[in-house]
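> Following this message is one structure expressed as structure tokens.
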Amino acid sequence: MTVPLTHAPAAAPGITVRPVPCPPSVGKRVRDERFGVVVSGIDDINNLTKDEFAAVERLLYTHGFVVFEDVDLTPAGQYALTRAFDPAADEYGHGKVGRPDPKSILHPDLRNIPGTPVQLIGNGVVTDEHILQGLQGPCKLRHPSHQSFHKTQVSDEDSAKGFTRFYRWHIDAALYERDPPKVTTLYGLQMPQAKVNTVRYDDGTGDELAVPLGGTAFVSGKIMFDILPAELKSLAVRTRVRYSPHPYAWMAPAKARSTGLGMISEGKEMPDEDLPPWKEEHVKTLPVCWKNPVTGQLHFQVHPSGIKELLIDPLPSSATRTDSTLYPDGAHLTDLVEVRELMYRMQRPGIAPELVYTVDWKPRDLALFHNRGVLHSITGAFAEDEVRACESRQSSPRHL
Ligand SMILES: [Fe+2]
């Protein structure tokens, strides 16, 4: 799974790197790890030199995400930059056609820019031709809202006051037939400025987090792993996740937890026979822990909404068993309630408010993130007339 990198210099000439600006909510751990950097000094963002790309690639895997401020990126440039991370992958992360299956919960959220695998996402009516890039205008976008996805909702009254939730913590991945893209690029085009929302976790902890309206929230999968107690670390490295066939169709009738971190088990998932046609060979079983190709460190990378079963290897004979060792003889967990509760116990600490970094988008900002090393979620309670537009691109290989 570890992929050799281009021979990268420590830095390319002219490139400068600084930490992302951290609001007070960001805790010491995230700051000390230097999660997220701002990179400047690239000559032409649409056409990186070999040395520039090698430096950016190394920075991305080292810091989890990389932001370029105020750059003029074309859809072709975005395609080229994203593809450079994985030249063998030339499709959007959810497949060739540019939009997921109509039964998928993702279907209404994506608009394909003609002639490219780039998707336009956002909210409100977009009329600017520079943004539409060949899409028929005016184009009405819909910012996904927790109101339709979560089991419970923030009241309309509180929404109007700016309270919101994390929509859905996820990896960008079809989780069926295709493997998770290495990198996603997000290019901000138009968004409201200087408005603040408050994310409520609504899980009884009282946790809250101030976020810029429409900000994209990130957590580090490395930190999510590092903060686990020893018995859960041991379990994480021994566990693989089997995702549902067509997980976004499967989960569509079900509802999510108030933290956006996985689903509530009420037996509402779409039965296998109602899913779009699927083949056993395309069902994905992926590790819980992914090794970073630059640092060698482990990242806890699970898309909690699509998980169906857990396959746990026994503790190696060389390892010491204690009273707290979990599943020392291994297990194959198929009870959805047990599967989800165990995964939530491992992932919830990693989205604590002080561990979340939320990108405060400005027009022409470009963010690249390590999709096999971080989890992300959109946030935001948008009014119907508030316009936000971003272009998103992932490259998804069919096989690791
Ligand atoms: Fe995403």
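Coordinate-derived values only; no laboratory data. Predicted model, so just to flag it, every value in this text is computed and none were measured. For neighbour counting, all protein chains shown are included, and Cβ atoms are generated from backbone atoms with ideal geometry for every residue, glycine included.
> Considering the Cα trace of the stretch 223-349, what is its radius of gyration and what is Dmax, both in angstroms?
Cα only, the stretch 223-349: 15.4, 45 Å (Rg, Dmax).
> Obtain the nm distance between the two label points defined at Thr16 and Asp156 by a simple spin-label model: each point lies 7 Å from its Cα along the Cα-to-C-beta direction.
About 5.0 nm, to one decimal.
> Another one. Given just the C-alpha atoms of the chain, how large is their convex hull per residue in cubic angstrom? Please report the intermediate quantities before stating the final value.
Values: hull volume 58.1 nm³, N = 400.
Roughly 145 Å³ of hull volume per residue.
> Past 27 Å, Cα to Cα, is the threshold; run Lys268/Lys362; Lys255/Lys291; Lys308/Lys362; Lys50/Lys291; Lys255/Lys284; Lys140/Lys161 against it and keep the listed order. Write down the numbers at each step before the final one.
On the way: Lys268/Lys362 39 Å; Lys255/Lys291 31 Å; Lys308/Lys362 38 Å; Lys50/Lys291 25 Å; Lys255/Lys284 22 Å; Lys140/Lys161 25 Å.
Table pairs above 27 Å Cα-Cα are Lys268/Lys362; Lys255/Lys291; Lys308/Lys362.
> Stokes-Einstein at 25 °C, 0.890 mPa s, Kirkwood radius from Cα pairs: D for the stretch 161-237 in µm² s⁻¹?
For these conditions, the coefficient is 156 µm²/s.
> Turning to a different aspect of this structure: If each residue's Cβ is checked for other Cβ atoms within 10 Å, how do Cys289, Cys22 rank with the fewest at the top?
Numbers: Cys289 20, Cys22 13.
The order, fewest Cβ neighbours first, is Cys22, Cys289.
> Here's a follow-up. Can you tell me how much longer the chain between Asp32 and Gln193 gets when fully stretched, taken as 0.36 nm per residue apart minus their C-alpha distance, in nm with one decimal?
On the way: separation 161, 0.36 × 161 = 57.96 nm, distance 2.84 nm.
Length difference between fully extended and current span is 55.1 nm.
> On to the next question. Rounded, prolate or oblate: which fits the stretch 199-284 when a ≥ b ≥ c are the square roots of the eigenvalues of the alpha-carbon gyration tensor, with rounded for a/c under 1.5 and prolate only if a/b beats b/c?
Working: a/c = 2.11, a/b = 1.32, b/c = 1.60.
Because a/c hits 1.5 or more and a/b fails to exceed b/c, the stretch 199-284 counts as oblate.
> May I ask you to compute the full-extension gain from Asp313 to Lys279, defined as 0.36 nm times their residue separation minus their alpha-carbon distance, rounded to one decimal in nm?
On the way: separation 34, 0.36 × 34 = 12.24 nm, distance 2.51 nm.
Result for the pair: 9.7 nm of gain on full extension.
> I'd like to verify something in the chain: which complete DSSP H helices, judged by Cα projection on the helix axis, reach 27 Å or more and average at least -1.0 on the Kyte-Doolittle scale? Let's see the in-between values first.
On the way: long enough: none.
Sorted by number, there is nothing, because no helix extends far enough and scores high enough.
> Using the beta-carbon distance between Leu135 and Glu338 and R0 = 51 Å, what value does 1/(1 + (r/R0)^6) give for FRET efficiency, to the nearest 0.05? Before the final figure, lay out each step's value.
Working: r = 45 Å, r/R0 = 0.87.
It comes to 0.70.
> Taking θ as phi - 60°, what are the ³J(HN,Hα) couplings along the stretch 148-165 by the Karplus curve (6.51, -1.76, 1.60), each to the nearest whole Hz, with x for Gly and Pro?
With coefficients 6.51, -1.76 and 1.60, one gets 8, 9, 8, 5, 10, 10, 5, 5, 4, 4, 5, 4, 5, 7, x, 7, 8, 9 Hz.
> Here is a further query. Return Glu269, Glu354, Glu386 ranked ascending by Cβ neighbour count within 10 Å, so the fewest neighbours appear first.
Values: Glu269 20, Glu354 14, Glu386 17.
Lowest count first: Glu354, Glu386, Glu269.
> Treat each spin label as a single point 7 Å out from the Cα along the C-beta direction, and report the Arg240 to Asp128 distance in nm.
Between Arg240 and Asp128, the simple spin-label model gives 4.6 nm.
> Using modelled amide H (1.01 Å from N, peptide plane; none on Pro or chain starts), what sits under 5 Å from the amide H of Phe163, excluding residues fewer than 5 places away?
Thr198
> I've got another one for you. Semi-axes of the equivalent ellipsoid for the stretch 287-374, please: Cα gyration tensor eigenvalues, times 5, square-rooted, ordered largest first, whole Å. Present the calculation step by step, with values, prior to reporting the outcome.
Details: eigenvalues 194, 57, 33 Å².
Equivalent ellipsoid semi-axes, largest first: 31, 17, 13 Å.
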